[in-house]
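Single-structure report; data block below.
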Amino acid sequence: MNIQTDLRAQAGFRRDASHFIDGVFTQGNSGKGWDNICPVDGSRIGFVPEAGEAEVDAAVKAARAALEGAWGRMSLADRTSMLAEVAAEINRRFDDFLSAECLDTGKPASLASHIDIPRGAANFTMFTDVAKTVSTECFPMPTPDGAGALNYGLRRPRGVIAVISPWNLPLLLMTWKVGPALALGNTVVVKPSEATPLTATLLGEVMNKVGVPKGVYNVIHGFGGNSAGQMLTQHPGVNGVTFTGSTKSGENIMRAAATGIRPVSLELGGKNPGIIFADCDIDKAVEGAMRSVFSNSGQVCLGTERLYVQRPIFDAFVAKLKATVEALKLGRPEDPATGMGPMISETHRKKVLSYYARAVADGATVVTGGAVPDMPAELAGGAWVQPTIWTGLADDSPVVTEEIFGPCCHIRPFDTEEEVIHLANATPYGLAAMVWTENLSRAHRVGSKLQVGICWINSWFLRDLRTAFGGAKASGIGREGGVHSLEFYTEMTNVCVKL
Ligand code: NAD
C-alpha cells in the first residue's frame, strides 16, 4: 500500500463521479447534479451527476437485458471465476480504492486499508464460494398408483436487484449486497449514498476490465426520497430491493416496494448497548469499548452508544476510557498517527452537535469532549467534532434513546444482571450488543437474552462472513451472509415430477 501524502495526488481514479449504465460511463441528461465535498477540509472533490427517470429506467432495462442475455446464460463456473477476478482486480487497484474512499469519507487510511477495501474484495470471493456449493432439497413421495413422485427445489436468481447503500462503509456495504447478488446470478442497479459516489463508480471500471458483461452491474447517482433512490425502488422492473441505511429510510423503501409485492432486505439503524460486568478484564473491555464507540468516528451501525458498567468498576472504567479517548489524534486520512476522522458532512456534524447540546441541556456530566475541536487552519473547513463521553443522563433522554451515529457514548452504572438486560433491551432497535465478562455462564446467559441480531462476548466487530447478519426489531428485516443470503437473492421453485 502506498498512500500519497496528498490523497488528491493519487492519479488512478476519476474525481467526477459518473453513472455506469450498460457498461458505459455517462453523465446522463438530467442536467442536475451536485459538488462532492471532502469532509476533511470542506474542499471540492468533483462533480456528481443526478440521475433522472431516464437514467434509472435505462439502468434497470440494461440489468434486465443482461439477466436474460449473456449473464443469464453464463455457467456457474464462468460466473464465479469472473467474480473472483473482480476481487483480484480490486486488490490490484487497492490504492485507488483506498484514496477514493478516504477522500469521500475522510476516514483514516489505516482503517480503510484494514477494513473497507479488503472486505470490499472479500465480499466477492466469499459469495462465489457460497454460490458454488448451493444445494437444494429433494423429497420422494408415494402416490396411490405406486409409481411415486419426486419433489425437488430449484433455486433461480431473483432478477434485477436494486442495491441502496449508505456512506459510512461505502465499498464494503455496497459489495456486501452486490457480491451475493451477482454470485447467485442476479443483475444489479446500485444507488450509492450521495455523500460517497466514488468507489461505486470505480467498481464499474473493474467490471469492464474483468469483462463482466455490460448491464450486470449498473450505478446511478442521486439522493433518496424524490430522487434516484425513490425512482429506483418504485421502478416496476426491479424484482427486489436490498437496503442498508437508517430505519426511517427503510420504512419509506418498504412502502415503495409494497407496490408489486417486491421483497426487501433491510439492514437498518441501531442504538447498541455495551455491557461491562465487574468481573471483566477491564483493560480489554476499555480497548473494546474504545473501538466500538469511536471507530470510523462512531459512524458504524454496529457501534456502541450506550455503555452500562457494573457499579464496582464504574469509576475506574470511566477514567480509563477517558484517558484513552483523550489520546486519540484527529487528523488527515493519510497520516498514520490519525485515530479519528471527521463526520461525513457538515449536515451530519450539525446533527451530532445537536445531541452534544441536548446532553448538556438534559443535565449530563461531560466526561470528555462535547465540542468542536481546534483544528489546524487547513482542516478548519472540515466536519470535525470532539470524541465525547457523558454520564448522568436519565434513561429517557434522546441522547440515550436515539441513534446519533457520532463519536460519543453515554455511560451508566448498573447493579444486577437482570437490571442491565432490561436496560439493554429497552429500545425499539435490535442490531448489536457486546458483553464483557470473564464468567462463562453469565456470558452465555446474558447473550441469549439480548434482543439483537449479533451479540459479541469479549469482542466487537469480529465475524465470520458465513454467519447470519441482520437486525432484530426496528433494526432490519432478513438475514444476509453465507447461505443465509440465498433467502433474498434467489427464488425457490418446487418441481413435482410424477414418476
Ligand atoms: P440513509 O437512510 O439516509 O441513506 C442510505 C441510502 O438510502 C442513501 O443512498 C440514500 O440516498 C438512500 N435513500 C434514503 N431515502 C430513500 C428513499 N426514500 N428511497 C430510496 N433510497 C433512499 O442512511 P445514511 O445516513 O446514509 O447511513 C446511516 C444509517 O445507516 C444509520 O442509521 C446506520 O445505522 C445505518 N446503517 C445500518 C447498517 C446495518 O447493517 N444495519 C450498516 C450501515 C449503516
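The values are calculated or read from the model by the stated rules, or taken from the named source; none is laboratory data. Predicted model, so just to flag it, every value in this text is computed and none were measured. All Cβ positions, even for glycine, are placed from backbone atoms using ideal geometry, and neighbour counts span all protein chains on display. Just the protein is used for accessible areas: all its heavy atoms, side chains included, with ligands, DNA and RNA removed. Shrake-Rupley method; radii C 1.70, N 1.55, O 1.52, S 1.80 Å.
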Counting only residues that are within 27 Å of the chain's Cα centre (by Cα) and within 21 Å of Gly339 (Cβ to Cβ), which one in segment 349-370 is surrounded by the most Cβ atoms within 10 Å (Cβ to Cβ)?
-> Tyr356
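Yes/no matrix, rows are residues, columns are (1) within 30 Å of Ser295 (Cβ to Cβ); (2) in contact (Cβ under 8 Å) with a residue 24 or more places away in the chain:
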position: Ser30; (1), (2): no, yes
position: Trp34; (1), (2): yes, yes
position: Pro49; (1), (2): no, yes
position: Glu55; (1), (2): no, yes
position: Glu68; (1), (2): no, no
position: Met74; (1), (2): no, yes
position: Met82; (1), (2): no, yes
position: Thr105; (1), (2): yes, yes
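Among the residues of segment 142-159, is any out of contact with any Ser or Thr (no Cβ under 7 Å at 6 or more places or on another chain) and part of a strand (DSSP E or B)? If you could, list the steps in order and put the result at the bottom.
Narrowing segment 142-159 to residues out of contact with any Ser or Thr (no Cβ under 7 Å at 6 or more places or on another chain): 142-148, 150-151, 159.
Imposing the further condition that a residue be part of a strand (DSSP E or B) reduces the set to 150-151.
Checked against the condition, which is being out of contact with any Ser or Thr (no Cβ under 7 Å at 6 or more places or on another chain) and part of a strand (DSSP E or B), segment 142-159 yields at least one hit.
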Could you check how many residues of segment 181-211 are within 16 Å of the ligand (Cβ to nearest atom), among the aliphatic types (A, V, I, L, M) and open to solvent by 10 Å² or more (accessible area, probe 1.4 Å)?
-> 1
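Which residues, taken from segment 317-348, are open to solvent by 50 Å² or more (accessible area, probe 1.4 Å), outside any loop (DSSP other than H, G, I, E, B) and of a type outside the set (Ser, Thr, Tyr)? Working first, answer last.
If we filter segment 317-348 for residues that are open to solvent by 50 Å² or more (accessible area, probe 1.4 Å), which is where we start, we get 319-320, 322-324, 326-327, 329, 332, 335-337, 346-347.
Okay, now just the ones that are also outside any loop (DSSP other than H, G, I, E, B), so 319-320, 322-324, 326, 346-347.
Of everything in segment 317-348, those that are open to solvent by 50 Å² or more (accessible area, probe 1.4 Å), outside any loop (DSSP other than H, G, I, E, B) and of a type outside the set (Ser, Thr, Tyr) turn out to be Ala319, Lys320, Lys322, Ala323, Glu326, Glu346.
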For Arg119, are the conditions met, namely being charged (D, E, K, R), within 26 Å of the chain's Cα centre (by Cα) and closer than 25 Å to Arg64 by Cα?
-> no
Out of Asn168, Asn218, report the one residue that is buried (at least 22 other Cβ atoms within 10 Å of the Cβ) and touching a Cys at 6+ places or on another chain (Cβ under 9 Å).
-> Asn168
Considering segment 437-452, residues that are among the small types (Gly, Ala, Ser) and within 17 Å of Asp281 (Cα to Cα), and then whichever is nearest to the chain's Cα centre (by Cα), we arrive at Ala443
Matching residues, segment 456-487, being in contact with a Gly (Cβ under 6 Å, 6 or more places away or on another chain), more than 12 Å from the ligand (Cβ to nearest atom) and open to solvent by less than 20 Å² (accessible area, probe 1.4 Å) | Trp460
In segment 229-242, how many residues are more than 15 Å from the ligand (Cβ to nearest atom) and in contact (Cβ under 8 Å) with a residue 40 or more places away in the chain?
-> 2
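Only one residue in Gly120, Gly204, Gly215, Gly159 is in contact (Cβ under 8 Å) with a residue 12 or more places away in the chain, out of contact with any Asp or Glu (no Cβ under 6 Å at 6 or more places or on another chain), on the phi > 0 side of the Ramachandran plot and small (Gly, Ala, Ser). Which one?
Gly159
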Which of the residues spanning segment 287-329 are in contact with a Ser or Thr (Cβ under 7 Å, 6 or more places away or on another chain) and in contact (Cβ under 8 Å) with a residue 24 or more places away in the chain?
-> Gly288, Ala289, Met290, Ser292, Val293, Gly303, Thr304, Val318, Lys322, Val325, Glu326
Subset of segment 464-493 [within 19 Å of Ala122 (Cβ to Cβ) and either assigned to a strand (DSSP E or B) or of a type in the set (A, V, I, L, M) (or both)] | Leu465, Ala468, Phe469, Glu480, Val483, Leu486
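Check Ser113, Ser75 and return the single one that is within 28 Å of Asp129 (Cβ to Cβ), surrounded by fewer than 15 Cβ atoms within 10 Å (Cβ to Cβ) and out of contact with any Gly (no Cβ under 8 Å at 6 or more places or on another chain). Before you say what the answer is, go through the steps one by one.
Details: Ser113 fails: surrounded by fewer than 15 Cβ atoms within 10 Å (Cβ to Cβ).
Result of the check over Ser113, Ser75: Ser75.
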Residue check for Gly245: within 13 Å of the ligand (Cβ to nearest atom), surrounded by fewer than 24 Cβ atoms within 10 Å (Cβ to Cβ) and touching a residue at least 24 places away in the same chain (Cβ under 8 Å) = yes
From (1) on the phi < 0 side of the Ramachandran plot; (2) surrounded by fewer than 17 Cβ atoms within 10 Å (Cβ to Cβ); (3) free of Cβ contacts under 8 Å to residues at least 60 places away in the same chain, pick out the condition that doesn't hold for Asn226.
-> (1)
